[in-house]
Structure formats: structure tokens, C-alpha cells
1. May I ask you to list the residues in segment 231-272 that are more than 19 Å from residue 213 (Cβ to Cβ) and at pLDDT below 95?
2. Considering 353, 307, 331, 384, which residue is in contact (Cβ under 8 Å) with a residue 12 or more places away in the chain, surrounded by fewer than 16 Cβ atoms within 10 Å (Cβ to Cβ) and in contact with a strand residue (DSSP E or B) (Cβ under 6 Å, 6 or more places away or on another chain)?
3. Does residue 351 satisfy the criteria of being among the small types (Gly, Ala, Ser), farther than 20 Å from residue 399 by Cβ and outside the structural domain of residue 214 (by TED's automatic domain parsing)?
4. Failed condition for residue 202, given (1) of a type outside the set (S, T, N, Q); (2) surrounded by fewer than 18 Cβ atoms within 10 Å (Cβ to Cβ); (3) closer than 20 Å to residue 112 by Cα, with all others met?
5. In segment 357-386, what residues are more than 16 Å from residue 329 (Cα to Cα) and either assigned by TED's automatic domain parsing to the domain that holds residue 255 or among the hydroxyl-bearing types (Ser, Thr, Tyr) (or both)?
6. Within segment 99-120, identify whether any single residue is farther than 21 Å from residue 59 by Cβ, touching a Pro at 6+ places or on another chain (Cβ under 9 Å), surrounded by fewer than 24 Cβ atoms within 10 Å (Cβ to Cβ) and among the charged types (D, E, K, R), and answer yes or no.
7. Go over the candidates 23, 12 one by one and state the one that is within 18 Å of residue 138 (Cα to Cα), outside the structural domain of residue 139 (by TED's automatic domain parsing) and surrounded by fewer than 14 Cβ atoms within 10 Å (Cβ to Cβ).
8. Out of the residues in segment 387-403 that are among the hydrophobic types (A, V, I, L, M, F, W, C) and touching a residue at least 60 places away in the same chain (Cβ under 8 Å), state the one that is surrounded by the fewest Cβ atoms within 10 Å (Cβ to Cβ).
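The values are calculated or read from the model by the stated rules, or taken from the named source; none is laboratory data. Being a predicted model, the structure only gives us computed values, none of them experimental. FYI the Cβ positions are ideal-geometry reconstructions off the backbone, even for glycines, and counts take in every protein chain you see.
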Amino acid sequence: MTENLLAPVLTPEGWELLNSLGPYSEADSLRLNEQLRAAGHSPDVVAAALTQSRLRAKAEAKFGPFAARMLFTPAGLEQATRLNVAARHAQRYVSANLQKVADLGCGIGADSMALATLDRDVTAVELDETTAAAATMNLLPWSNATVLNADAATVDLAEFDGVWLDPARRTTSSSGTKRLFDPEAFSPPLSFVERLAATGMPVGVKLGPGIPHDAIPADCEAQWVSVDGDVAEVVLWFNALRRGNVRRSALLIGAAGAAELTSSTDFGEDATAPVGPIAGYLYEPDGAIIRTGLVADVASQIGGHLLDPNIAYICAPELVDTPFARAYRVLEVLPYNVKGLRAWVKANDIGVLDIKKRGTSVTPEELRKQLLAGSKKSVRKATLVLTRLGEERVAVVVDPVLT
């Protein structure tokens, strides 16, 4: 199936056609398909070129202008590292003075592109033949990068200074892709990474951010990465790539730059924070902070307290500018009662309602429909935060603070 998506554009006709297309438009794709066929291009070439054009447009969010000359598979694009994040991965190898790097499970080549750009000599290894072909095309501008179509677990690593891995965490079938959650089901599995690291080889491995803390090896640094508020990955760094005084960290990357919070303690040795009432300002920590277990550390930094020891909301009396949490001014605290909240919406002429929640099983989309049902059309906005204080469920009316 993936061969049919990619092979036709690897011909001279297909490559020329693909690169002659203008910006992709879903609305115009059917008409353009018919025009290209009428011009004499084969249906397979047209379908493949339009698919790549669509994937290139989607890939701009990760690759910026580089996407305009790259090739993709749908699964490869989905798992590919954002280029600004890949650059940070590559910098670790530069800082550790590692010149020859094996990128095992390179996918479409995103991390290899970043490593090659920073003058590392990269061998990009990919088992899937079609994905390896895409990586080969994507890495053509770099003479210090080569692609090897092989099983990552069989590559002789004796000549390399360091290894980067992005294990396949999805299976692909005729019905689409399915995400894998068991680290031993990844390709290669986490146990392969651990055995490699045990030899002393500097290793970095990218995993899904939801991996349980108890599945993370004891001898690595675990770094969760958030991009524009979206937790994208966790990277485990071993040996020379690990910072000696860091066991876990949260790296937040956004339009204003990057910020990082680190801890030298192990998982389960989290700092504690006091618990107090809802008042002043409510802070919603970034997902990477939560995954890393550093919510209490953020609370301490801003002079705040938790609302509940098991829920990642913080309150503080003052507004503090922090990159690690989004701030809201607390306006009102209401009991969680659908009938009462509907009356509140009506009384305040609310027409646009943003609902956030933690520590409650409420589905925001369904509750929004219930609360706005029968309301007059209005542009007045409100934000509700649903949470609990012990066993008591509450709805907190807040006003987002723009910083």
C-alpha cells in the first residue's frame, strides 16, 4: 500500500509533476486530479503526486520550508520528530563530541537531517523499504548522511560513536495504523536499547510521552518535551549523552523560546506542596511538567499550593510569570451542578464556553452542549475549570491571563 503511494513519484515523470504543483488545496484536489489525467499523466502518478502534495502541506507544521522538497509516508510523518526538536536532539551529540552516529529506525529521516546539518556523519537505518526510499530522498542534500535499508537490531555498531533510536510504535495494516503502548512491542524494543546502553554506548531513544515511570530504566535521564503546549515525546539519554546531575526534566518549547525544569531525584521521590483553597490565581501546569512529576516544584517556585494532592492544579495569591504553567484569574467558585451551572450560563448571557477539567470524569463537549442548550446566541465568553476538592466537585469560573 505504501509502495503505491511513493513509487510513482520516484520516477522522472512523477518527481517533475510533484514539484510542479502549487500549494495543496483539498477543495481543488478533485478538479486538479481530472486536469492532470486529461493532460496525459497516468492515474497512479497523479494519485501519488497529489498525496505527496497533501502530505507536504501537512508537514509544514513540523518541517517548515523543508517540507516542500521532502517525501513522506503517512505513518512516517505522524511519528517524525519536529525539526526544531530534532535540532535539540542533535545538539546533545555535538556537546558530547560524538562524530559518527547511527540513527536506528530513522523513519523519513528527520533526526538524521538535524544531525547531518550539525556536521555529524550519519548512517540512517530503516527496515521498511518504502520509508527508507523517502529517507534517501530527504537526505540527498547532505553528503555526510547515508541510508541503509536494514533491521536496526542487526547493524554492526562497532564503527559508531553514538546511537539515536526512534523505535516504530505503530503497526500498519489495510485498516490503518494502530498505536502500540507496550515498550517491548516497539521495533526495536526497549530491552534492545537497554542492552545497547549497558555496553557503554552513548544512546538516545525517543518514546511516546505516556510511558509509565516504572518502565523507564534507572540509569538514564528522562526528558519530556512539550511544543506549544503539546507533549510530543520523552527522550531517554544514556551514558555520555546523559547530564550527570539530571534524572528527569521537562523541556518546553514555544514561540517565546525554550524553558526547562530539571530534577536530580528519581521517580517517586517527588517534592510535596501544601494543599489550600481556590483563590487568587489558578495555574494549569504544562503537560510535560505533569508527566515529569514536577508540579510541586512549580508550585514552590510561584509561592502556590495544590487544590488537591492528586490533581495538577495550583493556586497562588499573586500573578507570577512562569513558562511552566498557564495562569487564570479566579472569579468565582460554584458547586458542580448541571442545573445550577445552566442557570449561571443563562444569567450571565454566556454564548461561548471553554471547559477544562482534571480529577473528574465529566466530558467537556457533552457538558458544554447541556449548559448552552436553549441559550440565546451571544458572543460573551467564559471559562470553567472543573475539578474537585477532596470529594467535593466544583466549577471554577476563571479569566485567562494573557502573557
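1. Residues satisfying the conditions are 244, 245, 254, 255, 256, 257.
2. 331
3. Judged against the criteria, residue 351 is not a match.
4. The single condition residue 202 does not satisfy is (2).
5. 360, 361, 363, 375, 378
6. No, every residue in segment 99-120 fails to be farther than 21 Å from residue 59 by Cβ, touching a Pro at 6+ places or on another chain (Cβ under 9 Å), surrounded by fewer than 24 Cβ atoms within 10 Å (Cβ to Cβ) and among the charged types (D, E, K, R).
7. Values: 23 fails: within 18 Å of residue 138 (Cα to Cα).
12 is the lone residue from the list that is within 18 Å of residue 138 (Cα to Cα), outside the structural domain of residue 139 (by TED's automatic domain parsing) and surrounded by fewer than 14 Cβ atoms within 10 Å (Cβ to Cβ).
8. Restricting to residues being among the hydrophobic types (A, V, I, L, M, F, W, C) and touching a residue at least 60 places away in the same chain (Cβ under 8 Å), the top hit is 401.
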